[in-house]
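Notes follow the structure.
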Amino acid sequence: MDSLFFGFDAVTLARIQFAFTVAFHFIFPAFTIGLASFLAVLNGWYVWTKNEAYLHLFNFWVKIFAITFAMGVVSGIVMSYQFGTNWSVFSDRTGPVLGPLMAYEVLTAFFLEAGFLGIMLFGRGKVGNGLHMVATLMVAVGTAISATWILSVNSWMHTPAGYGINDAGQYVPEDWWAIILNPSFPYRLVHTLTAAYLTTAFIVGGVGAWHLLRGRRANHGVRKMFSMAMWMAAIVAPLQIVIGHEHGLNTYEYQPTKVLAMEGHFESYDNGVPLILFGIPDQEAGEMRYELSIPKIGGPILNKGWNASMPGLDTVPDDEEPPVAIVFWSFRIMVGIGMLMAGLGLWSLWTRYKGRLYDDRWLHRAAFAMGPSGLVAVIAGWITTEVGRQPYVVYGEMLTSEAASPLDAGAVGGSLIAFIVIYFAVFGAGVGYLFKLMSRTPEVVPTGRDDPDNGPLRASGIVPGTQQRPRPAGSGSTQPAE
Amino acid sequence: MMDAISISLDLTIAWALLLAFAVYVYVVLDGFDLGIGILYPFFRKKDDRDLMMNSVAPVWDGNETWLVLGGGGLFAAFPLAYAIILPALYPPIIAMLLALIFRGVAFEFRWKAVGRFQEVFWDAAFIGGSTVAALAQGITLGALLQGIEVDGRSYGGGWWDWLTPFSILCGVSVVVGYAFMGATWLNMKLDGEIQVRVRRMARAFGIATVACIVAVSLATPFLEQEYFARWFSFPAAFVVAPVPILVAVLAWQLWKSIDAEERDWLPFVLTLALFLLCFVGLGISMWPHIIPPAITIYDAASPAKSQLFMFVGAAVLVPIILAYTAYAYWVFRGKLKPGEGYH
């Protein structure tokens, strides 16, 4: 289309719209994937040990889950229709390959989550602890299955495999296993799921740290959530660095241009590859300004020798290069946060060893500050991989610029503005409510009536199932041992 | 070769039926909970509204998932139709998505509202979101029925083609029909004083729904020659005649059942049947087109290999989904009492 909307053409606007809506959407599942598993663990522990401390912690986080999940659902429905509204050429041509994978996501994951969510939120009193545990597990499993299918779809767009092309120009399936288990999928799946678990751990840890800083050191729920989160940080964050590195090697094998942009290698090397730490990428001139680098160690990082040679972006045609600065910087943000996460995890191990996990105020301040760090890292990583495969939407096959719907710039621009205004207003309000729920003091001593400070899950009309006391107050009122 | 083609043809019909089933399930399930939002303005007390929302709070999420299956299934089984219909209906589709955001978050945010302004705001979001989503769905249906201009493998029409008196009529009809379904659902789930008022609503929206069905049914055959031939030429008319006759019979049964003291689940079930008949009527008009007047289900079908791969899974998974969905409804069965809730 030739028309412009405030100087932007329809394709650019459609790209901004997709980037905006997918980034916004991804915030919610990045949190709920981990949170669903956390809730399943808490509930399982409660059902197994009958220790009510875990029930209270479950009740604390399940309300946060409900709101976040609702925002994930409604922003996700937008995504499932946006392929058609804004990217109809892409939809027509990739539908035979990608459509079935998405249909499987709906059939195996979305229904499972949505079908059991009601029982998880409201059903404990109706179905008993056992079946309620099953429902909680189904929701957790559903979130992971959903991530599996959608990451398979996304990975196929990065490393397409197992397909042919028919007369209508559509990609058609030839080998479903090759399509689903395409080369980048296993790496992307593990890296992204781990990122989701870390994201949740840091949010939980940040909330725990905030309560500790407010002097709620004696609150068992606060201690428990902070301790569990710090274990996750200590174990999973270093693991994620290894996983991320493996994913990077896989990317270098299949999408070398992306890795060159991530590492900022404009020039080719014939005697050792440096590791560029920082610099200002100048894509026009094809060079890294103010480069700060360590000689030679870039080779071994990419499984090459100390004195290896490596072709740089100067060997790639200009129109096949991604926007280097965006990829270079977003990659650095992700990696930087990953290092900080691992650092915090190790720090927490040390204070735990010293017996000061609940006393080290600087640790608490750091954990509080890093509460949202997982979300930032996830979005930065997403930008790295998605911008890094440009100019293609299906890598090496289909240009992003050919994929858009034949829409008027005005139509796309108008809907973009509507999305931006409504997302910030609605989800902004939602995040406000989340903060409020997070700042409640977790319930400790069962009193037999709702703490007015906490408020029931359903303000009136309903006595929420999750707040039910499963046994008489007498038997459950003992302060649980640590 | 013949075998491959016949398998592909059969699969295409199977997928068309499966998608039609998904859309029908969506329409009746999300129909009644969108209907509750549409009925909100007639119930001003907060307690009443709490009760109405709670009657669907545990199930609305699953209900809406059928819409995602409709979209995802269309993308997978008929990608060409997905790629043409969504750009053609861009404004109503975007409006529906945004409306569903407001009404979806209202289920959670309404209970967290602090102060009068927020309460009023999220109630309005629930009402507006439900009504606009229903209206947009009806307009989408109308615009599809009246035909979409296709150019090669893309939408070939203008940006306001969807907006006609007929599509508006369909939009209003869906709003009215959902409100009716919401009323018969609430009649089943509530009792006492509020049930009396709900029944009043059910009667009013019942009459309006039947009027809308008549209006849309009379207008549809005049949209396309082919529709007209299907309904009014002999001997086809004999084959399709049971549909309008059954609609009349059902409408009469519904009218009687709403006031009956016993069996207050009956009006709801009859409403589902009424919507099924409307759906069958639509199918008769459109068949075998997925985008009237040019694109048939065969034109838009994805390759047999794609359809088969999914069909195997769907054949196993859809019954399982229906089973656990039914279980979730069973868990939350029975009357909701004011101030008492589920327990």
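The values are calculated or read from the model by the stated rules, or taken from the named source; none is laboratory data. Please read all numbers here as calculations on a predicted model, not as lab measurements. Counting neighbours? That spans all protein chains shown, and the Cβs are built from the backbone with ideal geometry, glycine included.
Within the stretch A:38-71, the residues that satisfy the criterion of being over 18 Å from A:M438 (Cα atoms) and either part of a helix (DSSP H, G or I) or of a type in the set (S, T, Y) (or both) are A:A40, A:V41, A:N43, A:G44, A:W45, A:Y46, A:V47, A:W48, A:T49, A:E52.
Quick one: count up the residues across the stretch B:302-324 that are surrounded by 15 or more Cβ atoms within 10 Å (Cβ to Cβ), within 23 Å of the chain's Cα centre (by Cα) and of a type in the set (G, A, S). The total comes to 1. When the stretch B:50-95 is filtered for residues that are more than 7 Å from chain A (Cβ to nearest Cβ), among the aromatic types (F, W, Y) and more than 16 Å from the chain's Cα centre (by Cα), only B:F78 remains.
So, in the stretch B:103-127, exactly how many residues are among the hydrophobic types (A, V, I, L, M, F, W, C) and within 23 Å of the chain's Cα centre (by Cα)? Within the stretch B:103-127, residues that are among the hydrophobic types (A, V, I, L, M, F, W, C) and within 23 Å of the chain's Cα centre (by Cα) number 7.
Conditions (1) of a type in the set (V, I, T); (2) without any contact (Cβ under 8 Å) to a residue 40 or more places away in the chain, marked per residue:
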{"residue": "A:L121", "(1), (2)": "no, no"}
{"residue": "A:N154", "(1), (2)": "no, yes"}
{"residue": "A:G169", "(1), (2)": "no, no"}
{"residue": "A:I179", "(1), (2)": "yes, no"}
{"residue": "A:N182", "(1), (2)": "no, yes"}
{"residue": "A:F185", "(1), (2)": "no, yes"}
{"residue": "A:F202", "(1), (2)": "no, no"}
{"residue": "A:G206", "(1), (2)": "no, no"}
{"residue": "A:N219", "(1), (2)": "no, no"}
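Checked against (1) more than 12 Å from every other protein chain (Cβ to nearest Cβ); (2) at pLDDT below 95; (3) within 21 Å of B:L29 (Cβ to Cβ), B:F107 meets all criteria but (1).
Residue pairs whose Cβ atoms lie under 8 Å apart, sitting 6 or more positions apart in sequence or on different chains, and linking a residue in the stretch A:92-112 that is under 17 Å from A:N182 (Cβ atoms) and facing another protein chain (nearest Cβ under 7 Å) to a partner that is of a type in the set (V, I, T) and part of a helix (DSSP H, G or I), are A:M102/A:I150; A:M102/A:V153. A:M138 falls short on exactly one of the conditions (1) among the hydrophobic types (A, V, I, L, M, F, W, C); (2) over 23 Å from A:I27 (Cβ atoms); (3) crowded, with 24+ Cβ neighbours inside 10 Å; (4) touching a Phe, Trp or Tyr at 6+ places or on another chain (Cβ under 8 Å), and that condition is (3).
Of the residues making up the stretch B:180-200, those that are in a helix (DSSP H, G or I), hydrophobic (A, V, I, L, M, F, W, C) and in contact with a Ser or Thr (Cβ under 8 Å, 6 or more places away or on another chain) number 4. Name the one entry in B:F102, B:F126 that is facing chain A (nearest Cβ under 9 Å), of a type in the set (F, W, Y) and buried (at least 22 other Cβ atoms within 10 Å of the Cβ). Only one candidate passes the filter, namely B:F102. Filtering the stretch A:425-440 to residues that are more than 9 Å from chain B (Cβ to nearest Cβ), in a helix (DSSP H, G or I) and in contact with a helix residue (DSSP H, G or I) (Cβ under 9 Å, 6 or more places away or on another chain) leaves A:V431, A:L434, A:M438, A:S439.
With respect to (1) without any contact (Cβ under 8 Å) to a residue 40 or more places away in the chain; (2) aliphatic (A, V, I, L, M); (3) facing another protein chain (nearest Cβ under 8 Å), the lone exception for B:V318 is condition (1). Report, by residue number, each residue of the stretch B:267-297 that is hydrophobic (A, V, I, L, M, F, W, C) and without any contact (Cβ under 8 Å) to a residue 12 or more places away in the chain. Once the filter is applied, which keeps residues that are hydrophobic (A, V, I, L, M, F, W, C) and without any contact (Cβ under 8 Å) to a residue 12 or more places away in the chain, the stretch B:267-297 yields B:V269, B:W287.
Taking the criterion of being surrounded by fewer than 18 Cβ atoms within 10 Å (Cβ to Cβ) and among the aliphatic types (A, V, I, L, M), the only residue of the stretch A:395-409 that qualifies is A:L399.
Here are A:R124, A:R93: which of them is more than 21 Å from A:A147 (Cβ to Cβ), modelled with pLDDT of 90 or more and buried (at least 24 other Cβ atoms within 10 Å of the Cβ)? Quick ask: steps written out before the conclusion?
On the way: A:R124 fails: modelled with pLDDT of 90 or more.
After ruling out the rest, the residue left standing is A:R93.
For the structure I just gave you, tell me whether A:V190 is modelled with pLDDT of 95 or more and buried (at least 24 other Cβ atoms within 10 Å of the Cβ). No; evaluated as a whole, the condition is false for this residue. Of all residues in the stretch A:321-348, those satisfying the criterion of being farther than 16 Å from A:L198 by Cα, part of a helix (DSSP H, G or I) and in contact (Cβ under 8 Å) with a residue 60 or more places away in the chain are A:V324, A:I326, A:V327, A:F328, A:F331.
Among the residues of the stretch A:400-409, is there at least one that is without any contact (Cβ under 8 Å) to a residue 60 or more places away in the chain and either touching a helix residue (DSSP H, G or I) at 6+ places or on another chain (Cβ under 7 Å) or of a type in the set (A, V, I, L, M, F, W, C) (or both)? No, that holds for no residue. Filtering the stretch A:37-69 to residues that are within 14 Å of chain B (Cβ to nearest Cβ) and touching a residue at least 40 places away in the same chain (Cβ under 8 Å) leaves A:V62, A:K63, A:I64, A:A66, A:I67, A:T68, A:F69.
For the residues B:R44, B:R49, the requirement of being among the basic types (K, R) and not in a loop (DSSP other than H, G, I, E, B) singles out B:R49. Looking only at the stretch B:150-171, how many residues end up being more than 24 Å from the chain's Cα centre (by Cα) and either free of Cβ contacts under 8 Å to residues at least 40 places away in the same chain or over 24 Å from A:G95 (Cα atoms) (or both)? Matching residues across the stretch B:150-171 total 5.
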